[in-house]
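Heads up: the structure comes next, in structure tokens.
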Amino acid sequence: MSTTVSRAERQQRTRQQLVDAAERLFSRNGFHATSLDAVAAEAGFTKGAVYSNFSSKEDLFFSVYERRVDRRVEQMEAALAEATTPVEALEGLMPGAGRRPQADDGWLAVFFEFWAHVLRHPELRERFAGQHRRVIEPLTRVAPVEDDVEGYRLATARFAMQLGLQLERLTQPDVVDDDLSRRMGLILLEGGTDGLPR
């Protein structure tokens, strides 16, 4: 049995190692403070290996982000499949299912940093927005309306609210906790009606 690794497999392995290294460094140091030289060194390659796999630092960041979105969407789909009520589905769809680990704070910080970067670079906006749409789409299934357009608008509002709460949690962890995120999600789910669980 041959154990020869093909060129395509080697390239895929190199790309994976670069994305892994980039995720660690971006999360630890931020987008702007992370150089492609540092990513290459972290992964054990030359800078040329980075440029043979990615067109720019932004392209490398998108590869990290898109992989994270793949995982998140997979988690969301599983939560929706397991849920028996809209409330159960909502709680399962919340980031980290209401238990986002503190270790993810570095990623949250660089995510917001990159978002601000995208706003100054219009050529990046569509690719960034496309990833947002992928995460928002599962949320439309627990929107309290039948209309698809309005359901997407409400899902977008829920997504934006959760992102905003995560940003606030980074600076006000004593104010924004899992319970607040859950209650705010339920308010959107129920359309602001009375009798929401506390």
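Quick look at the numbers
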| read-out | value |
| --- | --- |
| Residues Ile136, Ile187 arranged by fewest to most Cβ contacts within 10 Å | Ile187, Ile136 |
| Given charges at beta-carbon only (K, R positive; D, E negative), |dipole| of the chain in Debye | 800 debye |
| Footprinting exposure proxy for Met76, Met184, Met161 (fewest neighbouring C-beta atoms within 10 Å first) | Met161, Met184, Met76 |
| Helix-only mean residue ellipticity at 222 nm for the chain, each DSSP H run of n ≥ 4 adding -39500 (n - 2.57), per residue, nearest 500 | -23500 deg cm²/dmol |
| Listed values [x] 1.10; [y] 1.62; [z] 1.17, entry calculated as Cα Rg over 2.2 N^0.38 Å | [z] |
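Computed from the coordinates by the stated procedures, all read-outs in this text should not be read as laboratory data. The structure presented is a predicted model; accordingly, all values stated were derived computationally and were not measured. Glycine gets a Cβ as well: all are built from the backbone with ideal geometry, and neighbour counts include every protein chain shown.
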